[in-house]
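S.K.: Quick one: structure below, then a few questions.
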Amino acid sequence: MIRFFGRRRGKKLRATGQNLVDELLPKLAIPLPPEGSGKLDPASLFSEPKKEYWLEVGFGGGEHAAWQAEHNAHVGLIGAEVFLNGIASLLGHIERGGLKNIRIYPEDVRPFLMSLAENSLSRVFVLFPDPWPKARHVDRRFINHSNLDLLHRLMPPGATLRLATDDETYKAHAREVMAARTDFADVTGDDPTHRPADWPETRYNAKALREGRTPIFLSYKRC
């Protein structure tokens, strides 16, 4: 049994956000395939086939997911998030931008990952995840070998995994875990604090800078 840790709700949604959750989310939410029906092909989630399918794990306020969808019309972008307020925020971006190439999985992403077909994701983002800084909570961090084994199955050779964090403990943890993998090659570059041009700033990124923390931006290629 998969246990979920973390918040699902924050402050009460405003009327606009609640209306989006009630009316728009059901049109974009991804259901898991029925048991025994086979693996889920991301192409089946979109009205028109896309050249690539990308996944953002824990999209926060949705700024990054919306930007990527807007600037990559050839991509079908899937955002996974359990925090209702973040989901409402992304729905606002989708409505205002008229974005047609985003779908949302509004639950713990792990069952969704297990449902996907092999080699179906060309890019995966794990940006500013909950660092779970206490030693006794280390197994709750998303970057772990179990989840990376899943991603390895879902990403074809050459696919990209992007990670970002401003937490010192998580920086060390992510680098240590990724360095132990032979199936993901580090292609970050010489300066991990440099945010690439196609990596838009998010509210978490901006907050870290305001509070004196230095984010790092890591990139890995699936071997």
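The values are calculated or read from the model by the stated rules, or taken from the named source; none is laboratory data. All values reported here derive from a predicted model rather than from experimental measurement. Here Cβ is always computed from backbone atoms with ideal geometry, including for glycine, and neighbour counts include all displayed protein chains.
S.K.: Is region 129-147 home to any residue that is surrounded by 14 or more Cβ atoms within 10 Å (Cβ to Cβ), on the phi > 0 side of the Ramachandran plot and either over 17 Å from the mean Cα position of the chain (by Cα) or not acidic (D, E) (or both)?
M.R.: Yes.
S.K.: If you go through region 68-85, how many residues are surrounded by fewer than 21 Cβ atoms within 10 Å (Cβ to Cβ) and assigned to a helix (DSSP H, G or I)?
M.R.: Taking region 68-85 first, the residues surrounded by fewer than 21 Cβ atoms within 10 Å (Cβ to Cβ) are 70-75, 82-85.
When the remaining residues are screened for being assigned to a helix (DSSP H, G or I), the result is 70-71, 84-85.
So the answer is 4.
S.K.: Could I ask something else about it? Identify all residues within region 94-105 that are buried (at least 16 other Cβ atoms within 10 Å of the Cβ), out of contact with any Leu (no Cβ under 7 Å at 6 or more places or on another chain) and of a type outside the set (A, V, I, L, M, F, W, C); write none if there are none.
M.R.: Y105
S.K.: Of all residues in region 107-135, count the ones that are at pLDDT 95 or above and in a loop (DSSP other than H, G, I, E, B).
M.R.: 6
S.K.: Right, next: Taking region 203-221 on its own, how many of its residues are of a type outside the set (A, V, I, L, M) and over 16 Å from the mean Cα position of the chain (by Cα)?
M.R.: 8
S.K.: Then there's this: So for region 203-222 (the condition being modelled with pLDDT under 90 and either in contact with an Asp or Glu (Cβ under 7 Å, 6 or more places away or on another chain) or closer than 20 Å to N144 by Cα (or both)), does at least one residue qualify?
M.R.: Among the residues of region 203-222, at least one is modelled with pLDDT under 90 and either in contact with an Asp or Glu (Cβ under 7 Å, 6 or more places away or on another chain) or closer than 20 Å to N144 by Cα (or both), which makes the answer yes.
S.K.: Quick test for you: out of T188, T214, T169, pick the one residue that is in contact with a Pro (Cβ under 6 Å, 6 or more places away or on another chain) and either β-branched (V, I, T) or not in a helix (DSSP H, G or I) (or both). Break it down into steps so the answer makes sense when it comes.
M.R.: Details: T188 fails: in contact with a Pro (Cβ under 6 Å, 6 or more places away or on another chain); T214 fails: in contact with a Pro (Cβ under 6 Å, 6 or more places away or on another chain).
Checking each option against the conditions leaves just T169.
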